[in-house]
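In what follows, a single structure is set out as structure tokens and then discussed.
Derivation of every value follows stated rules applied to the coordinates shown; laboratory data play no part. These numbers were taken from a predicted model, which means no experiment stands behind them. Methodologically, a virtual Cβ is constructed for each residue, glycine included, from the backbone with ideal geometry; neighbour enumeration extends over all protein chains shown.
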Amino acid sequence: MSEDGKSTVRAVERALDILLCFTSRKEWAMTELAERVGLHKSTVHRMLATLEDRGFVARDPASDRYRLGLRIWELSANMSGADDPAVIGLPEMERLRDQLGETISLYLRDANERIRIQAVQSDQAIRRVAPVGARLPLYVGASSKVLIAFEVPAKCEELLQDPSWPASFDRRQYREQLEECRRLGYATSVEEREQGAAAVAAPVFSRTGKLVAALSVSGPANRLTPEKMREQVPAVMDAARRLGAMLK
């Protein structure tokens with residue numbers, strides 16, 4: 001590749017790094033973005049000017065802060081189609097939320113992380129808020145167990161060897177939890193990732209039997225006790241089956 005080609009690729013990578021910052025926060029100051037992506041302020045300023053010109057970011061003149069532009073929503077609109085589990089699963093998730101009274105989330109595995117692609121928040125005053133688009137590690141949480149346990153064996157083993165997991169993490173114990181998950185058909189977690197939170201999750205398989213997603217119910221641990229979660233399992237698994245039956 002020529003030097004011009006390498007420079008172009010670097011520019012694209014830097015622009016994408018800037019856009020990905022907006023997955024964790026809605027608004028950024030230019031100096032904050034420069035610090036976050038590790039680039040000089042003048043470089044980030046030029047990148048933002050181009051992204052703003054193309055409609056991918058918008059600047060608030062009053063605060064001088066940047067947010068995502070309308071062009072992002074134009075792109076995302078084309079993702080919502082007949083095969084999009086986030087769209088297809090929404091009515092089923094709303095029904096499950098109304099039935100159980102807790103927050104319902106739908107997760108996909110993306111490489112060595114899970115991402116929440118859809119959520120229906122609980123109506124209760126004290127609830128667990130689940131932001132859509134959040135990326136979470138695979139070594140904690142009920143949904144993570146489901147997304148690993150029901151993968152094909154080779155991929156499951158590959159995920160278990162992820163070097164980014166904490167060195168202190170007990171992989172042997174985790175394997176035992178995955179075996180239990182396969183045996184029961186669901187997984188639970190209590191304060192594994194977030195203090196005071198609990199969850200129960202079931203796998204979503206497509207009509208062809210492929211693992212597509214994990215459907216979870218989450219809420220405060222003092223309300224979502226192990227006994228309560230066991231009571232909710234049939235409803236969660238039924239909802240996961242109905243959702244999967246709508247997916248190719």
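The table below gives the values:
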read-out: Whole-number percent relative contact order across the chain, with pairs defined as alpha carbons under 8 Å at least 6 apart; value: 15
read-out: Mean Cβ neighbour count within 10 Å, used as a protection proxy, ranking 93-101, 126-134 highest first; value: 93-101, 126-134
read-out: Highest-MSF residue in the chain out of 43, 225, 103 [GNM, Cα springs under 10 Å]; value: 43
read-out: Extension reserve of the residue 32-residue 227 stretch, reckoned as 0.36 nm per residue once the Cα distance is removed; value: 65.7 nm
read-out: FRET efficiency, 1/(1 + (r/R0)^6) with R0 22 Å, evaluated for residue 248 and residue 158 via beta carbons; value: 0.30
read-out: Too-long pairs where the Cα-Cα distance tops 28 Å, listed order kept, from 6/155; 26/228; 145/210; 145/248; value: 6/155; 26/228
read-out: [x] 16.8; [y] 12.4; [z] 14.0, with the label sought being that of the calculated mean projected area of the Cα convex hull in nm²; value: [x]
read-out: Lys, Arg +1 and Asp, Glu -1 on Cβ, resulting dipole of the chain about Cα centre, debye, nearest 20; value: 160
read-out: Cα gyration tensor category, rounded, prolate or oblate, for the range 79-152 with a/c compared to 1.5; value: oblate
read-out: Inter-label distance, nm, simple model (7 Å from Cα along the C-beta direction), residue 20/residue 172; value: 3.5
read-out: Gain in span if fully extended, residue 129 to residue 9, counting 0.36 nm per residue against the direct Cα distance; value: 39.4 nm
read-out: Proximal charge balance of residue 96 [Cβ under 14 Å; K/R count +1, D/E count -1]; value: -3
read-out: Helical contribution to [θ] at 222 nm, DSSP H n ≥ 4, -39,500 (n - 2.57), averaged over the chain, rounded to 500; value: -13500 deg cm²/dmol
read-out: Degrees between helix 171-184 axis and first principal axis of the chain (Cα, 0 to 90, nearest 10); value: 60
read-out: Sequence ranges 12-21, 184-193, ranked by mean other-Cβ count within 10 angstrom, highest first; value: 184-193, 12-21
